[in-house]
Amino acid sequence: MIGLVIVSHSAKLAQGVHELAAQMAGDQVGISDAGGLSDDSETFGTDAFKILSAIEEVWCDDGVLVLMDLGSAVMSAEIALEMLPEQQRQNCLLSNAPLVEGAIVAALHASLGEPLQAVNRVAEAALSAPKLANTS
Amino acid sequence: MENQSSPFSPFEGKIERNEPHQEGGNSSNSHASPPDARSSQLEPPHQLSKSVVVTVSDPRGLHLRSGRDVVRIASQFQAEITASNLSRNSNAVDLKSILQLLQLQARQGHSLQLAATGPDADAAIEALCSLF
Amino acid sequence: MGQEITVTQLRRWLLAYAARIIENEDHLTELDTAIGDADHGVNMRRGMGKLQERLQDEEQTEDIGSFLRSVAMTLISGVGGAAGPLYGTFFLRAATSPTNGSSVDLAQLTQMFRFGLDGLQQRGKAQTDDKTMIDTIQPAVEAMEAALATQQSTAVVLAAARQAAHLGMKHTIEIEARKGRASYLGPHSIGHQDPGATSAYFLFETAAEVFTKTGAD
């Protein structure tokens, strides 16, 4: 079963999305969050080292999917990935999915035991999923 | 999900059993069939369609967590499973997708039509009915 | 030629850089208020405060690579915004360039900046004329390489870098932003100097000042 990492500029947002995702995943899926700067989580920002330790926290051989909010979160996550040992890096994926919807979908599908790429695919599909009822 | 164990209880269901809608209607062209993964998976003898109308009993409607359980159950079956919200006149959505399911905006008392197509359609509908 | 730059001088350079950024916090904020989200000054000042702490109480490593890596880590964790990962990447890549262990010669110093620039371009995916820190750093590195090729002294090479960086920074006033938040403004970004290009200019200004004063060690 894959692990999930939630990255946000806000520590509170990252924790909140983590909780929401945990509701969807049950206990089986390892989820960690990395929000705000390392020694000052009140300050908005992202920190590659915080992301790196969040990846290590939920590491498993099935891989880890990293979901980010936006902007420099992506650069920080890229740096974190580059710091992973080669073996792990190949099994760690940065997702293009929107953070909240993506985390919900990814958590649920991870809990169904789906592999990394498949979980990322359904999470990224959330980019185009409308929120409002599709009535005719 | 309080009543997961009683498969037939809280929905007012009319179950319609449909014969397979198979284009062409015979199997003589099996060698000539196009490389369509779906049609080759659905062997005519096992191809079942089944649909049922359920009423949402949960006072909070179909929400994130109950939706999660629906997706979990639906994902256990091979059948394609869709739902539409008759009370909102909505299009059919894929019940194996939590985001699509939430698009139904299903409140307590809404009627949902669940439809399954595939070899295990019967079992899928039966299992899903227990959740409403 | 022949002058070797040691960790002590790199440390002195980055302390001068940190002080210059802190002096210019308001200026950076002002620039970023015009075309960004007004946080470049605050972010850089916070990061530079952390860098000062790190440089001052660090166990005096003599190895250039480990020194630059520790600078990178401080900036990655301490700056925030887009500048943290970008400056962090610059020093992280610079740390991988060849050295003589505890010192670099002028060619190696130039290559160190080149490594940093290449890393920055990969990370931020920006080119020259996108109105970013690349507009300062790329011409500066190219000027260093050109001056080095004609056997110039450290003072001349670094003066060339500083001048090219300055021109590059001023050039960002004339161009339209194509990267970062300023790009949302489109043509309205013209007429404003890029804050990232400005903070990057100080790298070369302070390098020219510090590495050229040799006798003072």
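What to note about this one:
- Residue that is surrounded by the most Cβ atoms within 10 Å (Cβ to Cβ) [pool: residues in the stretch C:63-91 that are part of a loop (DSSP other than H, G, I, E, B) and more than 7 Å from chain A (Cβ to nearest Cβ)]: C:Val79
- Qualifying position, being within 9 Å of another protein chain (Cβ to nearest Cβ), closer than 15 Å to B:Cys129 by Cα, in a helix (DSSP H, G or I) and touching a residue at least 12 places away in the same chain (Cβ under 8 Å), among B:Arg68, B:Arg72: B:Arg68
- Considering only residues in the stretch C:106-121 that are touching a residue at least 24 places away in the same chain (Cβ under 8 Å) and farther than 20 Å from C:Val210 by Cβ, the one that is surrounded by the most Cβ atoms within 10 Å (Cβ to Cβ) turns out to be C:Leu120.
- Set side by side, the residues C:Ala147, C:Ala140 differ, and just one is assigned to a helix (DSSP H, G or I) and within 16 Å of the chain's Cα centre (by Cα), which is C:Ala140.
- Counting only residues that are surrounded by 17 or more Cβ atoms within 10 Å (Cβ to Cβ) and either farther than 20 Å from B:Asp120 by Cβ or within 11 Å of chain A (Cβ to nearest Cβ) (or both), the stretch B:76-91 holds 4 of them.
- Among the conditions (1) in a loop (DSSP other than H, G, I, E, B); (2) surrounded by 17 or more Cβ atoms within 10 Å (Cβ to Cβ); (3) modelled with pLDDT of 95 or more, the only one that A:Val100 does not satisfy is (1).
- In the set C:Ala159, C:Ala140, C:Ala146, only one residue is buried (at least 19 other Cβ atoms within 10 Å of the Cβ) and among the aliphatic types (A, V, I, L, M); that residue is C:Ala140.
- The lone exception for C:Met44 - which of (1) surrounded by fewer than 16 Cβ atoms within 10 Å (Cβ to Cβ); (2) within 27 Å of A:Met83 (Cα to Cα) it fails: (1)
- Counting residues in the stretch A:67-75 that are over 17 Å from C:Ala82 (Cβ atoms) and either away from chain C (no Cβ under 14 Å) or in contact with a helix residue (DSSP H, G or I) (Cβ under 7 Å, 6 or more places away or on another chain) (or both) gives one or more.
- One residue from C:Lys131, C:Lys179 being over 17 Å from the mean Cα position of the chain (by Cα) and either within 14 Å of chain A (Cβ to nearest Cβ) or buried (at least 17 other Cβ atoms within 10 Å of the Cβ) (or both): C:Lys179
- Residue that is more than 7 Å from every other protein chain (Cβ to nearest Cβ), of a type in the set (Ser, Thr, Tyr) and in contact (Cβ under 8 Å) with a residue 12 or more places away in the chain, where the choices are A:Ser128, A:Ser111: A:Ser111
- Leading residue by the ranking (nearest to C:Met133 (Cα to Cα)) among those in the stretch C:43-66 that are among the hydrophobic types (A, V, I, L, M, F, W, C) and at pLDDT 95 or above: C:Met44
The values are calculated or read from the model by the stated rules, or taken from the named source; none is laboratory data. What you see is a predicted model, and the numbers here were worked out from it, not measured in a lab. Virtual Cβ from ideal backbone geometry, glycine too; neighbours counted across all protein chains shown.
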